[in-house]
Amino acid sequence: MSVCIEFENVSYAYPLTKKAAVKQVSFQLETGKCYGIIGPNASGKTTICNLMRGLCPNFYNGTLKGKVIVCGKPMTEWDEAEISVRIGYVFQDPFAQVSGIKETVFEEIGMGLENLGVEQEEMMRRIVEIAKEVQVDHLLQKHPLALSGGQCQRVAFASVLALNSDIIVIDEPTSQLDPEGTEDVFEIISRLKAKGKTVIIAEHKVDLLAEYCDEMLVMADGRLLAKGETRAVLADPALEENGVQIPQVVQLANALAKAGKPLGAIPVNEKETMELLEQWRGGRDDGAGSK
Amino acid sequence: MALEVNNICFSYPGSPVTAVERVSMKIEKGERVAIIGQNGAGKSTTAKILNNIYQPTGGTVLVDGVDTKGKTTAQIASHVGYVFQNPNDQIFNDDVVKEIEYVLRYWKLPEEEIVRRRDEVLDITGIRPFMSTHPFDIPLPIRKFLTIAVVLATDPDYVILDEPTAGQDNWGRKQLQTVMEYLQNKGKAIITISHDMEFVAENFERVIVMAHKNVIADGDRRDIFYRQEILSDAKVKPPVSTHIAQELHLERRVLNLEELVAALLQGDA
Ligand SMILES: Nc1ncnc2c1ncn2[C@@H]1O[C@H](COP(=O)(O)OP(=O)(O)OP(=O)(O)O)[C@@H](O)[C@H]1O
Ligand SMILES: Nc1ncnc2c1ncn2[C@@H]1O[C@H](COP(=O)(O)OP(=O)(O)OP(=O)(O)O)[C@@H](O)[C@H]1O
Ligand SMILES: [Mg+2]
Ligand SMILES: [Mg+2]
C-alpha cells in the first residue's frame, strides 16, 4: 500500500473565528481507493477538503496546527501550481466554480488544460470526451452562466475531470443533479478508481456513498468520529447518536431487527438488501406454506 | 384562488431554442406541490415565469384570476414569492437584517410591522444565530434559509422554493418542514422544486413531473412513483424504500421506510 494523503493531528481555525473548524484529526488515505466523507452541515467536511488541497491555510489564512502530507511531501513544501494539478478539486458551490471569464462551456471545460499548455488537438479531444461523459455535450456552445443549476454543476465537474489529476477531491458534486445524473457521477467516480485514481468525495447522499466507497470518514463537530471500511463504519450506532445520516438500507435492517425479525446481516447497498430480503422472506414463508 | 399558467412558452434572450414549451399547471391557494424532473427540464424557468421575473413569450399567467401581463415583478412579489436555486443570485445586501427588511422598507410598512415580520422569519428559518454574519460568510445550506426568510417576510400567498433540499442535512430538512408547516398554517400554497425524492415523497401529496421543457405528469405521489416510464423519462428514481418494494413486487404501494417495514412485517406478497 502507498499512502497518498496523511493528516497528522490536524487542527484548523478560519481567521477571526474562535472555534476550530477541524480538531485533532489524524488519518491516512491510500492511493487508488475511494473515500467518502459524511457528517452533518458544518461538521468540517469542506474544511477537510480545503486542507487536503492546501487552501486552508494558503488561501483562507487562519491557523493550522499539525501536518498535512500529500504524496510523502508536507503541504508546506508543495508549489501551488504543482498541487493544483496533482489534486483536482471540485468546489461545493458549483455556481462559484464556473470562472465567469469564458464565453462558452467548451472553453470553460478547457480552461485548466489551456493553462497546462496541453496541445490544441489533444485538448479538443479531451473536452469533447468529458463533455459526453457528464452529458453536457449538447451545451458546449452555450455561455457558462446561461445554464440550469444541474447543468452548471456538471460543467464544474467536467472542468476538473479534464485535468486528469491523480487525486480528485469532490465536495458535494451532486447537490443540484437529478437522480440519474447523481448515479452517473458515481459511475464516473468508479471509473476513475478503476484507472488508479484516488477519489475523496464529501456528500450527504450516504446511500450512494455506501455503494461506491471503500472507506468512510465520518465528521461530527470538527472531529473525525470514525474512519474505516464502509460496512463497519455504517453499522456503528455512534453515527445516528451524532446526527449523522445513515443509509436507508441500514435503517431498514435496524428497523427489522428492532421488530424482532432481523435480516441476519447489515446490507450497505440495494443489491445486498434484496438478497437478504429474499432469504428473509423465504425463511418466514417456510412455515406459512406458499408465498 | 389559484396560481395558474396556461400553455406558457419562453426562450432566453439570444437563445435559438425554447426553454419551456406550452407548460400548464394550476396550484390552488393552500396547496402543497412538488415539481421534480430532469436537469434542464425547465423547472426554474417556469418558477421565474410564475413569479413574473420573466414574461412568457406565449400563454398566460393568472394570479388569483388576474393576468400578470404588463405587471411589474414588484407588483407580483407580494402575491408570489420565489426563493432562487442559487442563493447568491438573490442576495444583494451586505447584512442579514438589511436583506430581510429591504422590500418591507421599500413598501414603507410601519416600523413595528417590519420588526415583527423580521423576528418571526428569523425564528421560523432558524437563522437567528447568523443575524450578524455577512450573508456571503454564512455556510451555503444556511444561506438558503436566509433567502427563504427574505421571501417569507414579504408574506406572499404562493411560495416557490427552488431546490431547498440541496446540500441539506437532517437538521436542514427538518427546518424546511417547519417552514412548510408554518406556511400551511397560514393558508399559503407551497411549490417546491427538488431532486430529493425521499423528501418529496414524504412531504408532498401532489407531484408535478417535468421533462423536455414540459409537464409530463401531474398527480398523486403514490401513482407518480409507481409509473416507471414517467420516472425514467424524467431521469428520476423513486425513493429507496419504494424501489425495494417494487423489486419485491409488494402489493402495497409504499413511499417511505415505515411503510416498507410495515408491509414486510405483515408479509405482503
Ligand atoms: N470561510 C470560512 N470562514 C469562517 N468559518 C468557516 C468558513 N468556512 C467554514 N467555516 C466554519 O467551519 C466549520 C466547518 O465548516 P465546513 O464548511 O467545513 O462544514 P461542512 O461539513 O462542509 O458543512 P456543509 O455540509 O454545510 O457543507 C463551520 O462551523 C463553518 O461555519
Ligand atoms: N440564463 C439562461 N440563459 C439561457 N438559457 C438558459 C438560462 N437559464 C437556463 N437556460 C436553459 O433553459 C433550459 C431550462 O433551464 P432551467 O433552469 O429552467 O432547468 P431546471 O429544470 O431548473 O434544471 P435544474 O434541475 O438543472 O436546475 C436549459 O436548457 C438551460 O440551459
Ligand atoms: Mg461542505
Ligand atoms: Mg433549476
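Per-structure values
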quantity	calculated
Shape call, chain B: gyration tensor on alpha carbons, a/c limit 1.5	oblate
Amide H within-cut-off set for A:Ser26, under 5 Å, with H built and near neighbours excluded	A:Asn9, A:Val10
Carbon and sulfur %, accessible surface of region B:136-269 computed with the full protein complex present, 1.4 Å	46 percent
Of B:Lys69/B:Lys186; A:Lys205/B:Lys235; A:Lys33/B:Lys235, pairs whose Cα-Cα distance is over 24 Å	B:Lys69/B:Lys186; A:Lys33/B:Lys235
Accessible area of A:Asp236 in the full protein assembly, 1.4 Å probe (Å², nearest 10)	60 Å²
Centre separation in Å (Cα based) which lies between region A:235-257 and region A:109-137	41 Å
For region A:1-61 and region B:190-269, distance of Cα centres in Å	37 Å
Percent accessible area from carbon and sulfur atoms, chain A, protein chains only, probe 1.4 Å	50 percent
For region B:86-245: accessible area per residue (Å², 1.4 Å)	38 Å²
Complex-versus-alone comparison for region A:229-259, residues with a loss of 40 Å² or more in accessible area, probe 1.4 Å	A:Gln245, A:Gln248, A:Leu252
GluC sites (Glu not before Pro) within region B:186-268: DSSP coil, no more than 15 neighbouring Cβ in 10 Å	B:Glu205, B:Glu251
Region A:186-204-region B:35-50 distance, computed between alpha-carbon centres (Å)	30 Å
Within chain B: Cβ-based charge dipole about Cα centre, in debye rounded to nearest 20 (Lys, Arg +1; Asp, Glu -1)	520 debye
For region B:143-152, 3J(HN,Hα) per residue [Karplus equation, 6.51 cos²θ - 1.76 cosθ + 1.60, θ = phi - 60°, Hz, x = Gly/Pro]	4, 4, 5, 5, 5, 5, 4, 4, 6, 4
At least 40 Å² of accessible area lost relative to the chain alone, listed for region B:241-266 with a 1.4 Å probe	B:Ile244, B:Leu248, B:Leu257, B:Val261, B:Leu264, B:Leu265
Whole-number percent relative contact order across chain B, with pairs defined as alpha carbons under 8 Å at least 6 apart	22 percent
In degrees, nearest ten, helix A:179-194 long axis to first principal axis of chain A (Cα)	80 degrees
Rounded if a/c under 1.5, otherwise prolate or oblate - the protein assembly as shown, Cα gyration tensor axes	rounded
Cβ charges +1 (Lys, Arg) and -1 (Asp, Glu), total dipole of the protein assembly as shown, debye	620 debye
3J(HN,Hα) from dihedral phi, region A:153-158, Karplus parametrisation 6.51/-1.76/1.60, rounded to Hz, x for glycine, proline	5, 5, 5, 4, 5, 4
Mean accessible surface per residue for chain A, computed with a 1.4 Å probe while every protein chain stays in place, in Å²	44 Å²
Cut-off of 10 Å, at most 16 other beta carbons, DSSP loop: longest stretch of chain A lacking such GluC sites (Glu not before Pro)	A:120-291
At most 16 other Cβ within 10 Å, DSSP loop - trypsin sites (Lys or Arg not before Pro), region A:187-288	A:Lys195
Per-residue SASA entry for B:Asp95, accessible area with 1.4 Å probe, Å² rounded to 10	50 Å²
Gyration tensor verdict on region A:44-203 (Cα atoms; rounded if a/c is under 1.5, prolate if a/b is larger than b/c, oblate otherwise)	prolate
Theoretical ellipticity at 222 nm over chain A - DSSP helices of four or more residues, -39500 (n - 2.57) apiece, nearest 500	-12500 deg cm²/dmol
Minimum 50 Å² accessible area buried by the other protein chains, region B:28-60 residues, probe 1.4 Å, relative to alone	B:Asn39
Entries in A:Lys193/B:Lys43; A:Lys193/A:Lys271; B:Lys71/B:Lys98 that, when Cα-Cα distance is taken, lie over 28 Å	A:Lys193/B:Lys43
Interface area, B with A, accessible, probe 1.4 Å, both sides summed, Å² nearest 100	3200 Å²
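The values are calculated or read from the model by the stated rules, or taken from the named source; none is laboratory data. All values reported here derive from a predicted model rather than from experimental measurement. Ideal geometry is used to build each Cβ from the backbone, glycine not excepted, and the neighbour counts take in all protein chains shown. Keep in mind that these areas ignore ligands, DNA and RNA; they rest on the heavy atoms of the full protein, side chains included. Shrake-Rupley method; radii C 1.70, N 1.55, O 1.52, S 1.80 Å.
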